[in-house]
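Every number in this text was worked out from the coordinates using simple rules, so none of it is lab data. Bear in mind the structure is a predicted one, so any value in this text is a computation, not a measurement. Cβ: placed from backbone, ideal geometry, glycine included. Neighbour counts: every protein chain shown.
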């Protein structure tokens, strides 16, 4: 029995949820998000909360139960507070700045890397060495952060590159004479 699936998802004030068929729609102060659940679970909105119940005792129904509950909880969190990923840039001359709808990265290449900011995502560079990626969709925020990090992933010898805030980079020792 799913411990996660048993918990109802509470709707804070200012957030509305509706179900039509298997599609859950959540509307809040930051926007609207939808999620389509599989036929293995039943979604019910009542008393200011969303409840997910499995249909049957099959293994797939039990798997979808906890996953669907987590997806709905992420919808609620996204439209109320949103999601945020923070990146740090380390390296001499490495910097970032936001110009209009593009993120310009100087990462030691012969040219600046220009990353077009996708719709629904907000990128800010408070300092030249810090990037914050924000949005209401957790998957898209993580994907954009991963794409930015991919331009110069942290290397193990000097630790230069783009890393997530608080990420530990295993350092290696260089060559010895």
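In this structure, does residue 146 turn out to be out of contact with any strand residue (DSSP E or B) (no Cβ under 8 Å at 6 or more places or on another chain) and at negative phi? Judged against the criteria, residue 146 is a match.
Identify the residue in the stretch 22-33 that is surrounded by fewer than 19 Cβ atoms within 10 Å (Cβ to Cβ) and in contact (Cβ under 8 Å) with a residue 12 or more places away in the chain and, among all such residues, is farthest from residue 78 (Cα to Cα). Filtering the stretch 22-33 for residues that are surrounded by fewer than 19 Cβ atoms within 10 Å (Cβ to Cβ) and in contact (Cβ under 8 Å) with a residue 12 or more places away in the chain, the one farthest from residue 78 (Cα to Cα) comes out as 22.
Looking across the stretch 46-60 at every residue that is buried (at least 18 other Cβ atoms within 10 Å of the Cβ) and over 22 Å from the mean Cα position of the chain (by Cα), the one that is nearest to residue 7 (Cα to Cα) is identified as 52. Does any residue of the stretch 103-118 turn out to be closer than 30 Å to residue 36 by Cβ, surrounded by 15 or more Cβ atoms within 10 Å (Cβ to Cβ), touching a helix residue (DSSP H, G or I) at 6+ places or on another chain (Cβ under 9 Å) and touching a residue at least 40 places away in the same chain (Cβ under 8 Å)? Looking for residues that are closer than 30 Å to residue 36 by Cβ, surrounded by 15 or more Cβ atoms within 10 Å (Cβ to Cβ), touching a helix residue (DSSP H, G or I) at 6+ places or on another chain (Cβ under 9 Å) and touching a residue at least 40 places away in the same chain (Cβ under 8 Å), one finds none in the stretch 103-118, hence no.
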